[in-house]
Structure formats: structure tokens, C-alpha cells
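**Student:** The following block contains the structure, expressed as C-alpha cells.
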Amino acid sequence: IIKVKSTVERMNYLIESVLDISSIEAGKIELKNELIDLFSIVNESVSLFSIKAFEKNIHLSVSKPDFLAKVTGDSVRIREVIDNLISNGIKYTYPDGFVRISFFIDGEFLVTSISDNGQGMSKDDLSNLFHDYRKVNTKPTAGEKSTGFGLVIAKKIIEAHNGFLWAESEKNQGSTFYFSLPME
């Protein structure tokens, strides 16, 4: 019964993910725009994932910016992006590694950076990373589950906020994911 319940929950998540992607692509996503303190949202997400990081002995840290990290957007959707990127950082990093979050300003954009020293990705995987319905060859380091939809949804959410999401990675050297949002 537990296995059936787990399978049903996973299938439900996959269906919701596909519907989410379709809604975003069709422009039917409704964003509740409000002034967001991005640093606070990141800290909430870090608190949520601290147990998973602890279980893998991964050092999870946030560098506090020396400026106000405020943007306008939908805090629930932005939190979804942050949760996905932090979760992936932990999922694809080996035990005793790190996941670091920091912020910087680039012109009129506030950029959030999530870096890890995990297994990294090949150039091929990196080029296919944000394509719909394609999974990369990189596998989670402790048998965690992955649908392959998280980054596609995250990119579409950031783009719906007039921002950008991109990644840099080298095999065996870790990865850094960035997302930028227009500053207030």
C-alpha cells in the first residue's frame, strides 16, 4: 500500500508539472506581484533544506548581501524556483560537499547564484538542461528522485518575471545556477 501511494503521488506530481509548464507557456500563469525581500525568501528555503543537507553532510550557506535584495514578483513562484535550485544543488552534490547562495547586482538586475562542488555536467548535458522533456545524464548522488521538470518550470517562471535563468558547469567541478530579476 505504501508503494502504491508513493507511485500515485509521483504520478500526480508529474501530471501537475506538465500542466504547470503548459499553463506558463500559454501565458495563463497569474503572477501576484508584490515587493519581495529575496534574501529572506532564500533563508526560508535554506531552513527547509537544511535537514537534507545535514543528512548528506553538505554545508549549506547564504552570503548576506550588503545591499537590499528587493525585487517585484510572485513570492510563491520565486520560492518555487529557489527551492528547486537548492534541492538540485544538494541532490547532485556528493556527501561532504557544499551549496552556497549569494547575490550580486548586474545593471538593473539582482542576480542570485547557487553554486555547488558536486559532480557537474558535461557540455552536452549543459546545452540540453532547460529543454522540455529531456533529462540530463547526471544522476543524483544518493539515489534521490528527479523528474527532469523542475528546471524547465523554474526557467519559465523566471522568464515570466522578465528575468533570466542560466547555468555554468564543468564535469567533476560542480555547477552554478544563476537567476536574475529586475530590481525594484
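**Student:** Quick one: in region 115-135, of everything that is at pLDDT 85 or above and assigned to a loop (DSSP other than H, G, I, E, B), which residue is most open to solvent (accessible area, probe 1.4 Å)?
**Tutor:** ASN117
**Student:** Given the conditions (1) in contact with a strand residue (DSSP E or B) (Cβ under 8 Å, 6 or more places away or on another chain); (2) more than 18 Å from LEU181 (Cα to Cα), which single one is not true for LEU48?
**Tutor:** (1)
**Student:** Answer with yes or no whether ILE153 is assigned to a helix (DSSP H, G or I) and modelled with pLDDT of 95 or more.
**Tutor:** Values: assigned to a helix (DSSP H, G or I): yes; modelled with pLDDT of 95 or more: no.
When the stated conditions are applied, ILE153 does not pass them.
**Student:** So which residues in region 57-91 are modelled with pLDDT of 95 or more, in a strand (DSSP E or B) and not β-branched (Val, Ile, Thr)?
**Tutor:** Listed by number, the residues that qualify are HIS59, LEU60, SER61.
The values are calculated or read from the model by the stated rules, or taken from the named source; none is laboratory data. These figures come from a predicted structure and were not determined experimentally. Heads up, the Cβs are rebuilt from the backbone with ideal geometry, glycines too, and the neighbour counts pull from every protein chain shown. What goes into the accessible areas is simple: the full protein's heavy atoms, side chains included, and nothing from ligands, DNA or RNA. Shrake-Rupley method; radii C 1.70, N 1.55, O 1.52, S 1.80 Å.
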